[in-house]
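The values are calculated or read from the model by the stated rules, or taken from the named source; none is laboratory data. The structure displayed is predicted, hence computed values, not measured ones. Here Cβ is always computed from backbone atoms with ideal geometry, including for glycine, and neighbour counts include all displayed protein chains. For the accessible areas, the whole protein counts, side chains as well, though only heavy atoms, and no ligand, DNA or RNA atoms are used. Shrake-Rupley method; radii C 1.70, N 1.55, O 1.52, S 1.80 Å.
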Amino acid sequence: MRTTFVICAVVGALFAALATTSLAPTEAAANADADMAKYLGYWNYDQPNELTLNNVSVLACPDGTGACDRTLPLPLRVPQVGWELFTPGPHGTVNGTSDQGCTWNFKVTRTGLELSSTTQQCFNPAVGSVGNLTKWNVQVKGNRETEQITAISHQPNGVDLIGTMKTGSRTKVVPGRDGGKFIHGFVGDYTRTPADMHSLVNVAVTDQGMAYPAQDALHITADRAAKGRINARTADGCNWSFSVRGNTAELDPATQTCHTATGDLTLVYWAMATDDGRHVNDFLHGTITRPGMPTSNVYLYSGMLAR
């Protein structure tokens, strides 16, 4: 959210040889298609690692501090969960569409995918702000993907923050492979780890300036009526349904509402990820409506649960 080249004298000889055996247009196109093919499909983030910062974006001021914005505890670590779908784009490019509705265009290079421009931006409803990606490099080997991202997050208060993920990894989702294993990994009873107001781990924040601990327990069961689905029941009696694709579960349908004694909670995004079947990282966005009060957006940027 990075490559050193060693130049050898033999390179000149290789280019001289290639100059006399250039590919025909159809042959070149076939090679380009083959290069692109390995990137296509669904790729899930592996479970974030707070120790190594793999799949953790660090949000900070342009100078690396938190001095530019006192509304957030910067630098702020934001674990990444969710999926990306890579599909063919125009003129031999690749489009990457995220589960949060943003689409980014990449060019295919010898070393991987790179953004085709650094001016692409998208409003991300899950975080409530516009983001502009200035760097996103993708490398693929088999069913494993690695990436590095640098982004500019345009905050509603006018401050621009830099989000950097120096190391990221994903696994390709292969339909029908180990589906039962992933369902089993989610099923069980989970509680949230203690809330931390400084790191915002398990802290819900609203666009009304409120922040409070999120300490709900989750009881997750397999949906016996539908393959590849789970249900999550929270302590307030709300039931939420998810589809599971690989190590990631997301709300399905995407918008769900629970009516409680104190008001209505509508979730429009909730993603959970687990690789070890014992710990879950989650990220959610929704709205809270209470009688006589304005509707507020609520975000959980860094959720952690354990059995």
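Note on segment 114-135: residues that are outside any loop (DSSP other than H, G, I, E, B) and either modelled with pLDDT of 95 or more or surrounded by fewer than 17 Cβ atoms within 10 Å (Cβ to Cβ) (or both) amount to 11.
The residues in segment 109-123 that are within 18 Å of the chain's Cα centre (by Cα) and under 21 Å from residue 169 (Cα atoms) can be counted, and the count is 3. Which is open to solvent by less than 50 Å² (accessible area, probe 1.4 Å) and closer than 15 Å to residue 75 by Cα, of 173, 159? On inspection, the qualifying residue turns out to be 159.
Residue 191: out of contact with any helix residue (DSSP H, G or I) (no Cβ under 7 Å at 6 or more places or on another chain), within 19 Å of residue 48 (Cα to Cα), open to solvent by 50 Å² or more (accessible area, probe 1.4 Å) and in a strand (DSSP E or B), yes or no? Judged against the criteria, residue 191 is a match. Considering each residue of segment 247-278, count those that are farther than 14 Å from residue 187 by Cα, small (Gly, Ala, Ser) and under 23 Å from the mean Cα position of the chain (by Cα), and give that number. Residues meeting the conditions: 2.
Taking (1) farther than 20 Å from residue 175 by Cβ; (2) in contact with a strand residue (DSSP E or B) (Cβ under 9 Å, 6 or more places away or on another chain); (3) hydrophobic (A, V, I, L, M, F, W, C) in turn, residue 244 satisfies each apart from (1). The requirement of being at pLDDT below 95 and either open to solvent by less than 50 Å² (accessible area, probe 1.4 Å) or assigned to a loop (DSSP other than H, G, I, E, B) (or both) is not satisfied by residue 85. Could you tell me whether residue 111 is farther than 18 Å from residue 301 by Cβ and not in a strand (DSSP E or B)? Here the answer is yes, as residue 111 does meet what is asked. Number of residues in segment 262-292 that are open to solvent by 30 Å² or more (accessible area, probe 1.4 Å), in a strand (DSSP E or B) and within 25 Å of residue 143 (Cα to Cα): the value is 1.
Of the residues 184, 198, 259, which is open to solvent by 50 Å² or more (accessible area, probe 1.4 Å) and part of a helix (DSSP H, G or I)?
Answer to the check: 184.
Do you know which residues across segment 33-64 are open to solvent by 50 Å² or more (accessible area, probe 1.4 Å) and in a strand (DSSP E or B)? 42, the sole residue that qualifies. Taking into account only those residues within segment 222-255 that are in contact with a Lys or Arg (Cβ under 9 Å, 6 or more places away or on another chain) and at positive phi, which is surrounded by the most Cβ atoms within 10 Å (Cβ to Cβ)? Only one residue tops the list, namely 246. One residue is enough: does segment 214-221 have a residue meeting the conditions out of contact with any Lys or Arg (no Cβ under 9 Å at 6 or more places or on another chain) and either open to solvent by 20 Å² or more (accessible area, probe 1.4 Å) or within 15 Å of residue 128 (Cβ to Cβ) (or both)? For segment 214-221, residues out of contact with any Lys or Arg (no Cβ under 9 Å at 6 or more places or on another chain) and either open to solvent by 20 Å² or more (accessible area, probe 1.4 Å) or within 15 Å of residue 128 (Cβ to Cβ) (or both): absent. Identify all residues within segment 201-222 that are in a loop (DSSP other than H, G, I, E, B) and either over 26 Å from residue 170 (Cα atoms) or in contact with a helix residue (DSSP H, G or I) (Cβ under 9 Å, 6 or more places away or on another chain) (or both); write none if there are none. 207, 208, 209, 210, 214, 215, 216, 217, listed by residue number.
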